[in-house]
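See structure below.
What follows is calculated from the coordinates using simple rules that are stated; it is not laboratory data. Predicted, not measured: the structure shown is a model, and the values here were computed from it. All Cβ positions, glycine included, derive from the backbone under ideal geometry; neighbour counts span all protein chains shown.
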Amino acid sequence: MNCSRAAHLLLIIVATYLFAGCGNDFGGRQEVKGTIKFKGKLLEQGVIDFTPLESQPTKGGAVINKGWYEIPRKSGLMKGKYRVIITAGDGRTPENSNEPPGPTGANIISKEQIPPEFNVNTKQEIEVKDKGPNVFDYDIP
């Protein structure tokens, strides 16, 4: 075998080895996404939080925007069971002259519009799996 052919063969072997190991599993983290409806309509904005029920090291959450949330795989959740908390303020600012103004010059207090069984008294649970898809949709009455 001449040197050119040996170099070419070596290049193919090295390239095959490198490309075979290029996939990133992000330490086992999984993408999590879904939609949230409230009273039959996509929830305009809010927050969804996932708290581990087992010993996995990840806790995560995402902003809900126009009914959609997503935690990308690189910052996703490890497989396992999680308690789910969904919150969304009503976005109203009550007038209260007895309170000092906030950083924007307004007394911002938002009333929670999501029922307690989806946040402070939640029993909502999900299981994130290795083989996905990990899509969790909620239709809150």
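Taking 0.36 nm per intervening residue step and subtracting the Cα-Cα distance, what contour gain separates Glu112 from Lys41 on full extension? Mind showing how you got there, number by number?
Values: separation 71, 0.36 × 71 = 25.56 nm, distance 1.68 nm.
Here the segment from Glu112 to Lys41 would lengthen by 23.9 nm.
If each residue of separation counts as 0.36 nm, what is the full-extension length gain between Lys81 and Glu127 once their alpha-carbon separation is subtracted? Provide the component values of the computation, followed by the final result.
Working: separation 46, 0.36 × 46 = 16.56 nm, distance 0.43 nm.
Length difference between fully extended and current span is 16.1 nm.
Sort 32-42, 126-136 for me by packing, meaning the mean count of neighbouring Cβ atoms within 10 Å per residue, highest on top. Provide the component values of the computation, followed by the final result.
On the way: 32-42: 16.1, 126-136: 14.5.
Final packing ranking: 32-42, 126-136.
Would you kindly state how much longer the chain becomes between Lys66 and Glu54 on full extension, computed as 0.36 nm times their sequence separation minus their alpha carbon distance, in nm to one decimal?
Gain in length upon complete extension: 1.2 nm.
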